[in-house]
Amino acid sequence: MNHAGENTDGLAAHDWAGEAGTRWLAQLDRFESMIAPVGDALLAQAAYAAGERVVDIGCGGGWTTRRIGVAVGDTGSALGLDISADLVAAAADRARQAALANIRFEQGDAASFMPGDAPFDRLFSRFGTMFFHDPYAAFANMRAMLRGGGRLDIAVWAPAAENPWTMSVMGAIGEHIDLPPPQPRAPGPFALGEQDYLAELLQSAGFSDIEIDTWLGDQRIGGPGSDPESAARFVLDGMHIGDLVRPAGEEVRAAVHQSLVDIFERHCDQNGVRMGAKAWLVRART
Ligand SMILES: C[S@@+](CC[C@H](N)C(=O)[O-])C[C@H]1O[C@@H](n2cnc3c(N)ncnc32)[C@H](O)[C@@H]1O
């Protein structure tokens, strides 16, 4: 980070408590449906039992928290923790509509906040642990949320270079804008892509029995059913990488939009735009 609050990759810091959270909320259903396959795989890995008490870190709109609430049943519970007040309010609203009484949501920074009813049996996170400015301190705090013998299950993106969807999108943007060199460990979607670094973070926080499996699948850009035009709009308006394009002005934005449409047309089937993706499914014990 420099003192202007920007990552050295040139992107504004991921302001999840503010603008980034609001933007995720504005496209909540599309984001959640896009990453649903990773959520399904991580929930299958976690295999929750009735009665377990789970904390869902960076829970966003609460899609995974609701699934966990169902899995642990009336005798168990799930707490969704998120730094964005807007997302916490939306998640609580959706839980009320689903009439799930065993889940609740709290706003807080997972790097420092300690829920009053800690320790939990289990800690879960789908793509909610890659944005910490001090990941060593944050993972130590998350370790402290778990009881002895507790378990962590998290999903994080593999490196950008191993994610065809992001390389294609960055390639389209790079045709029109000089992109800054990537900063692999800077807070952002790919911050925990290096497996050795990820394992070291977990070990330093006091986790053991660390296992990292590969999830390899497809991303439906903009969610299932998106056509190339709407997927391109989604990338530029909804995703963080749209921030790279905004300062370049409307003409450049239109050119990037067209390049994205051209790429997405080559990766479109009857269910929308489909591009390869890779994530790590991590498990560990305290
Ligand atoms: C990529 S979104 C994933 C949301 C949700 N886990 C899902 O899969 O639908 C990342 C989430 O992490 C949250 N987040 C980022 N930094 C956080 C922090 N320090 N403490 C708590 N939540 C955080 C964001 O507000 C956002 O909801």
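Computed from the coordinates by the stated procedures, all read-outs in this text should not be read as laboratory data. It should be emphasised that the depicted structure is a prediction, and the values quoted were computed from it without experimental measurement. Please note: Cβ atoms are built from the backbone with ideal geometry, for glycine as well, and neighbour counts cover all protein chains shown.
A few remarks follow.
- By the count of neighbouring beta-carbon atoms within 10 Å, fewest first, THR129, THR64, THR214, THR286 end up ordered THR214, THR286, THR129, THR64.
- Going from the fewest other Cβ atoms within 10 Å to the most, the residues VAL70, VAL256 appear in the order VAL70, VAL256.
- For the range 193-198, 3J(HN,Hα) per residue [Karplus equation, 6.51 cos²θ - 1.76 cosθ + 1.60, θ = phi - 60°, Hz, x = Gly/Pro]: x, 7, 5, 5, 5, 4
- Under-5 Å amide H pairs with GLN219, H placed in peptide plane, nonlocal only: MET275, GLY276, ALA277
- The range 19-285, relative contact order in percent, only Cα pairs under 8 angstrom and at least six apart counted: 21
- Three principal axis extents describe the C-alpha atoms of the range 139-253; from largest down they are 56, 32, 23 Å.
- Across the chain, Cα-Cα pairs more than 25 Å apart make up 46 percent of the total.
- By the helix-only formula, in which each DSSP H run with n ≥ 4 contributes -39500 (n - 2.57) and the sum is divided by residues, the chain has a 222 nm mean residue ellipticity of -11500 deg cm²/dmol.
- The phi torsions of the range 205-221, fed into the Karplus equation with coefficients 6.51, -1.76 and 1.60 and a -60° offset, translate into couplings of 7, x, 8, 9, 6, 7, 10, 10, 9, 9, 9, 10, x, 10, 9, 8, 5 Hz, rounded to whole numbers, with Gly and Pro shown as x.
- In terms of Cα atoms, the Rg and Dmax of the range 151-215 work out to 14.4, 45 Å.
- Karplus 3J(HN,Hα) series, Hz, for the range 54-65 with 6.51 cos²θ - 1.76 cosθ + 1.60 (x for Gly, Pro): 10, 10, 9, 7, x, 6, x, x, x, 4, 6, 4
- Net length gained if the chain between GLN203 and GLU175 were fully extended (0.36 nm per residue, minus Cα distance): 6.0 nm
- Coordinate range along principal axes, alpha carbons of the range 28-93, Å, largest first: 29, 24, 16
- Counting DSSP beta bridges with both ends in the chain, the antiparallel % (nearest 5): 50
- Derived value for the range 109-169: Kirkwood hydrodynamic radius 13.0 Å. Basis is the mean of 1/r over every pair of different alpha-carbon atoms.
- Amide hydrogen neighbours beyond the local backbone of LEU146, cut-off 5 Å, H modeled: PHE120
- Remark: GLU251, GLU32 ranked as GLU251, GLU32, counting other beta-carbon atoms within 10 Å and listing the fewest first.
- In Å, descending, principal axis extents of the Cα set of the range 185-286: 50, 34, 16
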